[in-house]
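Beneath this line is the structure, given in structure tokens, with notes to follow.
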Amino acid sequence: MSNQAGSQTGSQTQSGERRLAVLEGVLERITYANEENGYTVARVDTGRGAGDLLTVVGALLGAQVGESLRMEGRWGSHPQYGKQFTVENYTTVLPATVQGIRRYLGSGLVKGIGPVFADRITQHFGLDTLTVIEEEPKRLIEVPGLGPKRTKKIADAWEEQKAIKEVMLFLQTVEVSTSIAVRIYKKYGDASISVVKNQPYRLAADVWGIGFLTADKIAQSVGIPHDSPERVKAGLQYALSQATDQGNCYLPEEQLIADAVKLLQVDTGLVIECLAELAQVPEDGGDPGVVREKVPGPDGGSEPVTAVYLVPFHRAELALSAQLLRLLRTDEDRMPGFRDVAWDKALGWLKGRTGVDLAPEQEAAVKLALTQKVAVLTGGPGCGKSFTVRSIVELARAKKARVVLAAPTGRAAKRLAELTGAEASTVHRLLELKPGGDAAYDRDRPLQADLVVVDEASMLDLLLANKLVKAVPPGAHLLFVGDVDQLPSVGAGEVLRDLLAPDSPIPAVRLTRVFRQAQQSGVVTNAHRINAGQHPVTDGMKDFFLFVEDDTEAAGRLTVDVAARRIPAKFGLDPRRDVQVLAPMHRGPAGAGTLNGLLQQAVTPGRPDLAEKRFGGRVFRVGDKVTQIRNNYDKGKNGVFNGTVGVVTSLDPVDQRLTVLTDEDEEVPYDFDELDELAHAYAVTIHRSQGSEYPAVVIPVTTGAWMMLQRNLLYTAVTRARQLVVLVGSRKAIGQAVRTVSAGRRCTALDFRLAGL
């Protein structure tokens, strides 16, 4: 069938129903695609000449640019876009002309073939091109410039494309997105359809991007009953997984049961039965599905609750508390020289090095870190945390101690290295995390260190803190440094807060005195005002401004103007490198999602000479500022982690690959089907900005984000700035944020375990 022949049919059946019309054409470009439900707006060439393209909308899940499609649907008209065809289903048909084959291969559909090789291959094989690739791919070596390596790559890509297509056609009936279908295939290969049909709830556990709700939809379509115990158990584990995504390490049993009943719409009795089964240790001695244990309630009340944990979080909490206490209480000491040091002399030597006297509370922190095996240093901006850390490192190195410095993010690690003049790395890189998440350094192979300093410790979640503390050798000193008043970690737990709990055995110093130099900074002054529940001062400040705009949508547009044009013009800062928009939430007209689109248009607009790749509703371009949105242990040298920021440096449509240079100066490649791991980062949520510092931040604070406005959220945003803060929004919204102390504690029991052991 010729891909150039466009046809349109549609006739009456005997019952008077109108048959679906049929349209054939080549998919030229995808204008919009919703990755969640597959709804697509695209332009097709029906071969009518004059370069006319027709708009088609609807169920085009999995269709690729360059493919010839046979679409069934209905004709209609859009008031703005005119005549269009709504697709209800489609099949791909292989092109039957040399020109069609050339366009098909040159569209980037098959990895390794771009327009140049498509032209050479079709010139050589003509109408037999697709048959050769399908049946005799080794013959591709006959084409000038195609060596054995590229020939094999093309053959493999063709086979994979066929297999993925088969999986996608099966999944089309349950509206699973293209990118998820690709991931299912990559995970299970030829077993994909079998797993989807027979064990659909496995998908939620095994495949990133498939939650319980998608797996449940698939399960229903393959006939698994609504009240199946398999469904209920998967639902319970999903509810717990959702809770860990919200920062909780466990859920009280009553709350979990109520959440599961609401989610699954089944009887409470069935949920209780399935929970009991999940908590049983299997006969083969493997792990149970969940762990139940009595712990004090998260509100600090006297009544204990039955906590239900997913196994990894229960294990991590037990291991972290035990290892911290083991380190704290060991008789070994890798820095024994500080037990009986003459502190007056040591601090005098330090002043000679730095030219500055330490304040009394800073002295206390220095002595604590160098004499205690585990310690915490906390305090707000301008209170001298950084200088105290530098002093600790100087004294330790003077005694020839091996000092290891780490932070949860690349930016924070760079800052720590600049501050101390010593090498610093991210925690992930320090531990050399391997694919799957295991660390090269652990209790059996500890770090070679006498002093380990971890900055931005408020960002440490339970699982990462456990991996880190396991790798600290007995006798080494471990110092956590962070601001406990900032937002807690993105991942589950409140490690820094638990270490500082009233009954905690871990010694700590809190720096409270704001130094005179810092008092001149509007950023520091207002951070402390916000933390104390006072409205920030914005009049007469040289580094802290408020642009009042009560309308949320207008505030969003003004935020973009301030970040992309006004700050660069007035302060000479680069809008991509130096200015960061921090939004309280992702959604809404002043949310990070909308602002990213507007900022990309302002900072990295599309140009004919600029390579770009459309993926779902987003367009990636060379020069884009992007962030990783999931932990991926298989990427880069030691994994790439949620919150890692970078810039797109290259985009190859032939190899279907995009490269990001991260903040850690590592070049990380992404295949086009992995782009749902990346989001634009011109604007990020305040939660995602933790551990990072920027020369300037712009913060939209609007009534549209009312439910998110809390004191520690605004405080965290303001403390991300080194030089300049601009608030955009309403005084009413700022007042709400300043007044509202965040809701209760997360569900964690680390403080209880530390106090009780």
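The values are calculated or read from the model by the stated rules, or taken from the named source; none is laboratory data. From a predicted model like this one, the values you see are computed outputs, not experimental measurements. Heads up, the Cβs are rebuilt from the backbone with ideal geometry, glycines too, and the neighbour counts pull from every protein chain shown. Keep in mind that these areas ignore ligands, DNA and RNA; they rest on the heavy atoms of the full protein, side chains included. Shrake-Rupley method; radii C 1.70, N 1.55, O 1.52, S 1.80 Å.
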| task | Determine if segment 638-648 includes at least one residue that is outside any strand (DSSP E or B) and modelled with pLDDT of 85 or more. | result | yes
| task | Note down all Cβ pairs under 6 Å where the first residue falls in segment 259-284 and is over 12 Å from K233 (Cβ atoms) and of a type in the set (S, T, N, Q), the second is at pLDDT 90 or above and not in a loop (DSSP other than H, G, I, E, B), and they're at least six residues apart or on different chains. | result | T268/V261
| query | Looking at segment 272-324, which of the residues that are assigned to a helix (DSSP H, G or I) and touching a Cys at 6+ places or on another chain (Cβ under 7 Å) is surrounded by the most Cβ atoms within 10 Å (Cβ to Cβ)? | reply | E317
| task | Taking T268 as meeting all but one of (1) of a type in the set (S, T, Y); (2) open to solvent by less than 60 Å² (accessible area, probe 1.4 Å); (3) at pLDDT 90 or above, write down the number of the exception. | result | (2)
| How do the pairs read when you match residues in segment 745-756 that are without any contact (Cβ under 8 Å) to a residue 40 or more places away in the chain with residues anywhere that are outside any helix (DSSP H, G or I), using Cβ under 6 Å and keeping only pairs 6 or more apart or on different chains? | none
| note | S391 meets each of (1) in contact with a strand residue (DSSP E or B) (Cβ under 7 Å, 6 or more places away or on another chain); (2) open to solvent by less than 10 Å² (accessible area, probe 1.4 Å) with one exception, condition (1)
| Residue ID - farthest from T420 (Cα to Cα), chosen from residues in segment 342-372 that are open to solvent by less than 20 Å² (accessible area, probe 1.4 Å) and in contact (Cβ under 8 Å) with a residue 60 or more places away in the chain | A359
| task | Pull up segment 216-241, narrow it to residues that are in a helix (DSSP H, G or I) and free of Cβ contacts under 8 Å to residues at least 24 places away in the same chain, then point me to the one that is nearest to the chain's Cα centre (by Cα). | result | D216
| request: Could you please tell me which pairs satisfy a Cβ distance under 8 Å, a separation of 6+ or placement on different chains, a first residue in segment 662-688 that is outside any strand (DSSP E or B), and a second residue that is of a type in the set (F, W, Y) and open to solvent by less than 30 Å² (accessible area, probe 1.4 Å)? | output: F672/F615; L675/F615; L675/F620; D676/F615; E677/Y670
| query | Cβ-Cβ below 8 Å, separation at least six or inter-chain, first residue in segment 627-649 and of a type in the set (V, I, T), second at pLDDT 90 or above and part of a loop (DSSP other than H, G, I, E, B): which pairs? | reply | T627/A681; V645/A681; V647/G623; V647/D624; V648/V622; V648/G623; V648/D624; T649/V622
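This table checks each residue for (1) open to solvent by less than 20 Å² (accessible area, probe 1.4 Å); (2) modelled with pLDDT of 90 or more; (3) under 23 Å from E317 (Cβ atoms).
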residue	(1), (2), (3)
Y188	no, no, no
Q199	no, no, no
A239	yes, yes, yes
T244	yes, yes, yes
Y250	yes, yes, yes
D259	no, yes, yes
| task | State whether the residues of segment 706-725 include one that is touching a Lys or Arg at 6+ places or on another chain (Cβ under 8 Å) and under 30 Å from R565 (Cβ atoms). | result | no
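Quick check: is even one residue across segment 333-341 acidic (D, E), open to solvent by less than 50 Å² (accessible area, probe 1.4 Å) and part of a loop (DSSP other than H, G, I, E, B)?
Yes, some residue in segment 333-341 is acidic (D, E), open to solvent by less than 50 Å² (accessible area, probe 1.4 Å) and part of a loop (DSSP other than H, G, I, E, B).
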| request: Please enumerate the residues belonging to segment 690-742 that are open to solvent by less than 10 Å² (accessible area, probe 1.4 Å), β-branched (V, I, T) and closer than 17 Å to H586 by Cα. | output: V697, V698, I699, V701, T702, T716, V728
| message | I'd like to know if segment 206-221 contains one or more residues that are of a type outside the set (F, W, Y) and closer than 21 Å to A276 by Cα. | response | no
| helices (runs of 4 or more DSSP H) wholly in segment 376-443 with at least 1 residues that are over 13 Å from E664 (Cβ atoms) and of a type in the set (F, W, Y) - which ones? | 385-398
| note | Counting only helices (runs of 4 or more DSSP H) entirely within segment 126-215, those with at least 1 residues that are basic (K, R) and over 18 Å from K111 (Cα atoms) are 178-188, 192-198, 202-206
| Counted residues, segment 609-624 - those being out of contact with any strand residue (DSSP E or B) (no Cβ under 6 Å at 6 or more places or on another chain) and modelled with pLDDT of 85 or more | 1
| query | Taking segment 661-702 as the search range and keeping residues that are of a type in the set (A, V, I, L, M) and touching a helix residue (DSSP H, G or I) at 6+ places or on another chain (Cβ under 6 Å), which one is farthest from K637 (Cα to Cα)? | reply | V701
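Considering each of G66, G106, G51, G145 in turn, give the residue that is closer than 26 Å to A611 by Cα, exposed (fewer than 14 other Cβ atoms within 10 Å of the Cβ), at pLDDT below 80 and not polar (S, T, N, Q).
After ruling out the rest, the residue left standing is G51.
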| query | What number goes with the only condition from (1) under 22 Å from the mean Cα position of the chain (by Cα); (2) at pLDDT 90 or above; (3) among the charged types (D, E, K, R) that K470 does not pass? | reply | (1)
